[in-house]
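> Supplied in structure tokens, the structure appears directly below.
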Amino acid sequence: MGIGDKIKNTAQETAGKAKEAVGEATDNSDLATEGRKDQAAANLKQAGENVKDAFDK
């Protein structure tokens, strides 16, 4: 996996955590849900990249 992909995935996951925290703090369930979705998407991308890495070795 390229370092750029790792950075993008980490940034998306971090942004998702922040959205979730803000959503929970402000009682905004839509924002909290969007944050969890962002985190899940980042984790899914990361898993896909890990699979690619496993086959590249």
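Every read-out reported here was derived from the displayed coordinates using simple, explicitly stated rules and does not represent laboratory data. Keep in mind the model is a prediction, meaning the values are calculated, not measured. Using ideal geometry, Cβ is built from the backbone for each residue, glycine included, and neighbour counts are taken over all protein chains shown.
> Along the Cα→Cβ direction, 7 angstrom out, place labels at D27 and I3. What is the inter-label distance in nm?
Each label point is offset 7 Å from its Cα along the Cβ direction, giving 4.6 nm.
> Could I ask something else about it? Which value, in Å to one decimal place, does the Kirkwood hydrodynamic radius take for the chain when every pair of different Cα atoms is included?
Numbers: mean 1/r = 0.0848 Å⁻¹.
That comes to 11.8 Å for the chain.
> Just give me a number: lysine pairs in segment 3-56, eight or more positions apart or cross-chain, with C-alpha atoms less than 14 Å apart.
Values: K6/K45; K6/K52; K8/K45; K17/K37; K19/K37; K37/K45.
Taking segment 3-56 as the scope, the lysine pair count is 6.
> Considering Cα pairs under 8 angstrom that are at least six residues apart, work out the relative contact order of the chain and quote it in whole percent. Before the final figure, lay out each step's value.
Values: 53 pairs, mean separation 21.7, N = 57.
Answer for the chain is 38 percent.
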